[in-house]
Amino acid sequence: MRDRFQRQINYLRISVTDRCNLRCVYCMPPEGVEVIPHHEILSIEEILAVVKAGVRVGIKKVRLTGGEPLVRRGILDLIAGLRDIPEIDDIAVTTNGILLREMATDLKAAGVNRVNISLDTLKPDRFRRITRGGDLSRVWCGINAALETGMSPVKINTVAIRGFNDDELVDLARLTLDHPLHVRFIELMPVGASDAWAGGKFVATGEVRELLTRNLGNLVDEKKVPGNGPARYSRLPGANGTVGFISAVSNHFCAECNRLRLTSTGQLRPCLFNRRETDLKQALRSGAGPDELAQIFREAVMNKPDGHDLAAGWQRDDRVMSQIGG
């Protein structure tokens, strides 16, 4: 389905839980966030009902996020259920990688095509600091497990942060030389907990690209790597993988946005940086059928704004990123 600005909306990002087994500094405050009561979170059956309504208006691709999606009880059943919806042709997961080693084989068997893994540093001490206690070795085991199961592409999401990991960006890009990994450098966005924390830490994509070119050689533009996101890809000379750049702040990509977001509590959100939401959960639990749910999707698509208002900050939004879906 096309929105008012003739963008084809076919991609739904689904937050399956607000819970996470890490406490990353740019995602949530030190004390964490209040856990949403279990009955307020959409059930597996409700999520499937929402997706079945979404495919009626053109949703074909889904990505499961959180929080950390792999801590959600029943996640494999959800993936298998999504796989069995004929119109869905792509199922992906974004994870912090902590549980991926143990689950990669089952995720692949259930229907996951590809995976994105968050990784902002190659140094164990820094990883513990930014995640408030995480174990980097577990993430590396998860990355290797994803590659071994044949998930493809395997993407690494790295938020470029001045004064924290800007001295590692070249080393992170070097991972693509020897491994079939796709390392994407993401601009730090003022989202939730990072709205205040991000001051002075922003690194623009252009600066990252110039740094890589100066140290590793010319970057050759690459055709789009399979996926549904906004990254622009390049390849280092002789590399097995690619480097990607996601420039939400310095060069926003709203004109090409093809997504809606479903929060863990059943709110359909047309734009990450816009507080407008539609309550699908209430409709579901009031007995709405597929036709009524599909109409809510249509309205959400038509209400999608033409662009974000990121320059205004987080607009006093009550949610943090873990509650909306990363």
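Just so it is clear, none of the values below were taken in a lab; they were calculated from the coordinates. Since the model is a prediction, treat every value here as computed from it, not as a measurement. Glycine gets a Cβ as well: all are built from the backbone with ideal geometry, and neighbour counts include every protein chain shown.
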Query raised in the report: If you line up the long axis of helix 290-302 against the longest principal axis of the chain, both from Cα atoms, how many degrees apart are they, to the nearest 10?
Result: 50
Requested in this report: For a label point 7 Å from the Cα of residue 46 along Cα→C-beta, name the residues of the stretch 265-282 whose backbone N is under 19 Å from it.
Outcome: 265-270, 277-282
Query raised in the report: For the pair residue 224 and residue 1, how long in nm is the line joining their label points, each one 7 Å along Cα→Cβ?
Result: 2.1
Query raised in the report: For the chain, modelled as a GNM with alpha-carbon contacts under 10 angstrom, which of 148, 87, 168 fluctuates the most?
Result: 148
**Report entry** Cα-based helix-to-principal-axis angle, 100-110 vs the chain, degrees rounded to 10
**Finding:** 50
Query raised in the report: Can you pull out the trypsin sites (Lys or Arg not before Pro) in the stretch 1-43 that DSSP calls coil and that have at most 15 other Cβ atoms within 10 Å?
Result: 4
Query raised in the report: Just 244, 74, 133 to compare: in a GNM of the chain, with alpha carbon springs under 10 Å, which one fluctuates most?
Result: 74
Report summary line: Calc'd 3J(HN,Hα), the stretch 139-150, phi into Karplus 6.51 cos²θ - 1.76 cosθ + 1.60 (θ = phi - 60°), Hz, glycine/Pro = x, comes to 5, 4, 4, x, 4, 5, 5, 4, 5, 5, 7, x
**Report entry** Cα centroid separation - the stretch 231-281 against the stretch 41-112, whole Å
**Finding:** 18
Report task. List the cysteines in the chain whose Cβ has no other cysteine Cβ under 4.7 Å from it. Result -> 20, 141, 254, 257, 271
Query - Estimated FRET transfer efficiency when R0 is 22 angstrom, pair residue 132-residue 170 (beta carbons, to 0.05) - result: 0.25
Requested in this report: Report, by chain and number, residues whose modeled amide H sits under 5 Å from the one on residue 41, excluding near sequence neighbours (fewer than 5 apart, same chain).
Outcome: none
**Report entry** Sum of -39500 (n - 2.57) over DSSP H runs of 4+, divided by residues of the chain (222 nm, nearest 500)
**Finding:** -9000 deg cm²/dmol
Report task. Have a look at 283, 204, 160 and tell me which one the Gaussian network model of the chain (Cα, springs below 10 Å) gives the largest fluctuation. Result -> 283
Report summary line: Too long for a 19 Å Cα-Cα cut-off, among 61/224; 155/223; 108/155; 201/224; 108/224, are 201/224; 108/224
Report task. Report, by chain and number, residues whose modeled amide H sits under 5 Å from the one on residue 90, excluding near sequence neighbours (fewer than 5 apart, same chain). Result -> 62
Query raised in the report: Packing-wise, with mean Cβ within 10 Å as the measure, how do 251-258, 93-100 rank, highest first?
Result: 93-100, 251-258
Query raised in the report: How many nm is it between the label spots at residue 35 and residue 292, if each spot is 7 Å from the Cα in line with the beta carbon?
Result: 3.2
Report summary line: Taking a label point 7 Å from the Cα of residue 250 along Cα-to-Cβ, the residues of the stretch 153-188 whose backbone nitrogen sits under 13 Å from it are 160-162, 185-188
Query - Stokes-Einstein translational diffusion, the stretch 11-324 - Kirkwood Rh over all Cα pairs, 1.306 mPa s, 10 °C, in µm²/s - result: 80
Query raised in the report: Between residue 123 and residue 80, what is the spin-label point distance in nm, taking each point 7 Å from the Cα along the Cα→C-beta axis?
Result: 4.5
